[in-house]
Every structure is written in C-alpha cells, then in structure tokens.
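The values are calculated or read from the model by the stated rules, or taken from the named source; none is laboratory data. In this text, all values refer to a predicted model and were calculated from it rather than measured experimentally. In this analysis, Cβ positions are derived from the backbone assuming ideal geometry, glycine residues included, and neighbour counts consider all displayed protein chains. Ligands, DNA and RNA are stripped out before the accessible areas are found, and what is left, the full protein with its side chains, is counted by its heavy atoms. Shrake-Rupley method; radii C 1.70, N 1.55, O 1.52, S 1.80 Å.
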Amino acid sequence: MLVNLNDVLLDAQKNHYGVGLFNTTDTDMLEAAISAAEELRSPIIIGTAEVLLPFGELQLIAPSIIAAAKRASVPVVVHYDHGLTFERCMEALKLGFSSVMFDGSAGDVAENLKATREMVKIAHAMGATVEGEIGHVGQADTCDNETEDRYTTPEEAISFVDATGVDALAIAIGTAHGAYKSKPKLDIARLQQIRAALDTPLVLHGGSGLSDDDFRNTIQNGIAKVNIFTDLCLAGENVMKNTKTEGYLNIRNEKVQAIKEAVMRKMILFGSNGKA
C-alpha cells in the first residue's frame, strides 16, 4: 500500500526501530526491495534520487515504483531522495511520489530554509511528506565527513524544523555518501542532543558501509530512517563479476536475489521486520 513518511516513521521513532530507504534505479532493484519487505513483513521506503536519474529517468521508473507500492501488501513510501531542484521535486510529486526530500544543505542556509518551507506547503497540499537536511552529509571520498563544522547542531535542527515544518530531518553526525575509505567517526552524543530537542523523526544518510554496531547505536539513540544504496549496488555487482551462472536472464535473477538478501539483512538489523 502506498503511504507517506508519517505513516511509517512516527511508529518507528516511538518503538525504536529504523525504516530503510532503498533507492532503486530499475525494476530489478525494485523487485528485490519489495519482495524483501513482503517476506519480512516490514514497512519500506523506496524511490530514487536526483543524482541517480541519469541511470533511471524519473518518468520511466516512477510508474513502476508507484504501481509496485500500491499493490504491495506492506506499507511502502515512494520517496524522491536528495531533490536538488524545485522543478524535479515538483515533477516527482506530480508523478505520484508520496514523499520528497528537498536538499539545499550544501548552499546558503537562508535559501535552504526558504525553499524547503515552500516545498512543505506544496507537498502537504498534495498529501505528501517532506524531508529536509540541515548540516551537510558529504562524500566518502572527500574530507567532508570529518569536518565537524558541517555537523548539525541541536540549535540548527530546532530552528530549521520550526521554520520549515518538515516531516523528517536528515542530520550530519559524521556519515558520508558512497563507499568509505576509512572508518567514519560518528558523533553519537550530538545525535542524542538533537533527538532530545526534537520530536521530528531523524534520518541517517550515508548508511552503506557502516558497521552493524553503528546502525544499532544510531537507531537506539534516535534515528528512524536509514538511507541505503551503495550496499545494494555492491551486492548486484558482486554477482555479475563472480557468477558462474550462464544466460542473461538467469544472471539477472541471481542478481535480484542477492540484492533482496542485502535488503533483508538491513531490515533485520534495523528492527523493522514484523512491523508491517
């Protein structure tokens, strides 16, 4: 069933588990994610991100994602992740996405507030939810994840939520997007402070590559939504590089199964299995 962030994250926050966002650039990844959620009876967030559109155009992939969500037997949020432009966020909403993330975190703070607030007004009028970001989650191949002045402060988080009315807030506590070259340094004390200051569900970006203990620790201390993409790509890539299976369709099915198993492992780790 197609739902929005409020339908899954409020319960996750109340009962101390995490719901995974698994970005899907094609129907192979989509099939893997939905079947994992149904088998484990887990709520799930699926979608795509603006930076991924060259690998799966929005108007091509959106109808498949939305149709799969509507016929699923578990709650499915269809989320447009890291929307960098107003135009693309609006396109996602018009195509039927039930949630969008407007990400102005890399630019001017005042502009981020203004644009996010406007996106919230529009999305809420359409029955959709909005995730925003304050602080900046960088790339794993840069030093951004070690630059503490880009970490979110409790004061920034409170001000941002009050000014925008977002339904979920992505915060920077030391994670980064992509595959890590060295172990990330997570500021759990910062997370605890932000959680204590806000009722809004908190989001962890840059989840691929964290240890199981990192995930447990962040969820225990207030994260309700965890973004995963790189780990799914690695699962599929490993099959294509190492399989002894012959035939395109057989290899495709083996790849889908590997991605499904990667999603299931994360759901069990996050504690969302059995919550749908």
- Find all pairs meeting these conditions: Cβ atoms under 8 angstrom apart; at least six residues apart or on different chains; first residue within the stretch 24-41 and within 13 Å of residue 61 (Cβ to Cβ); second residue assigned to a helix (DSSP H, G or I) and of a type in the set (Ser, Thr, Tyr). 27/64; 30/64
- Message: Being closer than 21 Å to residue 47 by Cβ and either in contact with a Pro (Cβ under 9 Å, 6 or more places away or on another chain) or at pLDDT 95 or above (or both): is that true of residue 223 here?
- Response: yes
- Query: If you check every pair at least six apart or on different chains, which have Cβ atoms under 6 Å apart with a residue in the stretch 82-103 that is over 16 Å from residue 70 (Cα atoms) and aromatic (Phe, Trp, Tyr) first and a residue that is in a helix (DSSP H, G or I) and open to solvent by less than 50 Å² (accessible area, probe 1.4 Å) second?
  - Reply: 102/89; 102/116; 102/119
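Taking only the stretch 69-86 into account, find how many residues are more than 18 Å from the chain's Cα centre (by Cα), of a type outside the set (Ser, Thr, Tyr) and modelled with pLDDT of 95 or more.
So in the stretch 69-86, the residues more than 18 Å from the chain's Cα centre (by Cα) come out as 70-73, 86.
Retained after the next criterion (residues that are of a type outside the set (Ser, Thr, Tyr)): 70-72, 86.
Still in the running and modelled with pLDDT of 95 or more: 70-72.
Of the residues in that region, 3 qualify.
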- In the list 101, 126, which residue meets the criterion of being of a type in the set (A, V, I, L, M, F, W, C) and crowded, with 17+ Cβ neighbours inside 10 Å? 101
- Item | Odd one out for residue 275, checked against (1) in a loop (DSSP other than H, G, I, E, B); (2) open to solvent by less than 50 Å² (accessible area, probe 1.4 Å); (3) among the charged types (D, E, K, R) | (2)
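For the stretch 32-39, does any single residue satisfy the condition of being closer than 16 Å to residue 123 by Cβ, among the aliphatic types (A, V, I, L, M) and touching a strand residue (DSSP E or B) at 6+ places or on another chain (Cβ under 9 Å)?
No, the conditions are met nowhere in the stretch 32-39.
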- Pick from the stretch 219-244 the residues that are farther than 22 Å from residue 30 by Cα and of a type in the set (S, T, N, Q): which of them is farthest from the chain's Cα centre (by Cα)? 242
- Query: From the residues in the stretch 2-12 that are part of a helix (DSSP H, G or I) and open to solvent by 50 Å² or more (accessible area, probe 1.4 Å), which one is farthest from residue 127 (Cα to Cα)?
  - Reply: 11
- Query: In this structure, is residue 48 of a type in the set (Ser, Thr, Tyr), in a loop (DSSP other than H, G, I, E, B) and under 29 Å from residue 250 (Cβ atoms)?
  - Reply: no
- Item | Top-ranked residue of the stretch 124-143 - restricted to ones that are charged (D, E, K, R) and closer than 28 Å to residue 10 by Cβ, ranked as modelled with the lowest pLDDT | 133
- Item | Residue list for the stretch 108-123, filter: open to solvent by 30 Å² or more (accessible area, probe 1.4 Å) and either at pLDDT 95 or above or closer than 22 Å to residue 3 by Cα (or both) | 117, 118, 121, 122
- Query: Which condition number in (1) in contact (Cβ under 8 Å) with a residue 40 or more places away in the chain; (2) open to solvent by 60 Å² or more (accessible area, probe 1.4 Å); (3) aliphatic (A, V, I, L, M) is the one that residue 264 fails?
  - Reply: (2)
- Task: Report whether or not residue 237 is touching a helix residue (DSSP H, G or I) at 6+ places or on another chain (Cβ under 6 Å), among the acidic types (Asp, Glu), assigned to a helix (DSSP H, G or I) and open to solvent by 60 Å² or more (accessible area, probe 1.4 Å).
- Result: no
- Task: Could you check how many residues of the stretch 175-195 are modelled with pLDDT of 80 or more and not in a loop (DSSP other than H, G, I, E, B)?
- Result: 8
